[in-house]
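Here, each number is a calculation from the coordinates, and none is a lab measurement. On a predicted model such as this, the values are computed, not experimentally measured, just so you know. Counting neighbours? That spans all protein chains shown, and the Cβs are built from the backbone with ideal geometry, glycine included.
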Amino acid sequence: MTDVIVTDRIFGEAQRTILRSLADLMIPAEEDLPSAADPAIFAGIVYHLSERADVVTDALALVESIASAASGAALAGRAPVERLALVNRLRAERPAFVSLFESTVAACYYRDDRVLRSLGLPARAPYPEGNAVERTDWSMLGPVRARQPFYRSV
């Protein structure tokens, strides 16, 4: 037997705190709308970010090093100007993380039932109850089907 403890948590508590602060910074709570750091939304964000843990942990290491250099002040406790400066530094030094983070947060946020209802959309999947899909004219593919293959058969 080994001394290794297996966990399903890819990100530690400090890393989750940073991600939660960044999510809240990106989409803060408004009147009847939750923040992106809402537990139900944030769980989805962490789940999807864990698929690219290499990119995320690298960026979080940069944030942690910046925090330790600035007397250990937590991201959430910093002034808005400092948080914006940190985000701009992340955008410059870790663009892959910022792109991944922004798209993940937006996708998870706009999947939430409360957000969908606030936009006047039904809080359900678009199918199978369905949205009508226009019939397609398959004859448009005729020229493609008629041409000779341009690939080499393997």
### Task
For every helix of n ≥ 4 consecutive DSSP H residues, a contribution of -39,500 (n - 2.57) applies; sum these over the chain, divide by its total residues, and give [θ] at 222 nm rounded to the nearest 500 deg cm²/dmol.
-16500 deg cm²/dmol
### Task
Can you pull the one-decimal nm distance between simple spin-label points at Glu30 and Ala61, each 7 Å off the Cα toward Cβ?
3.8
### Total formal charge among the other residues, if their Cβ is under 15 angstrom from that of Phe97, Lys/Arg +1 and Asp/Glu -1
-2
### Query
Using the Cβ atoms and a cut-off under 13 Å, what net charge is assigned to the surroundings of Asp32, where Lys and Arg are +1 and Asp and Glu are -1?
-3
### Query
Relative to the present Cα-Cα distance, how much length would full extension add between Ala69 and Tyr127 at 0.36 nm per residue of separation?
15.9 nm
### Task
Rounded to the nearest 0.05, what FRET efficiency do Arg145 and Ser103 give with R0 = 30 Å and r taken as the Cβ-Cβ distance? Could you check?
0.25
### Query
Within the chain, what is the longest stretch that has no chymotrypsin sites (Phe, Trp or Tyr not before Pro) placed in a DSSP loop and near at most 12 other beta-carbon atoms within 10 Å?
1-149
### Message
Tell me the Kirkwood radius of the stretch 13-123: reciprocal of the mean inverse pair distance over distinct alpha-carbon atoms, in Å.
### Response
14.5
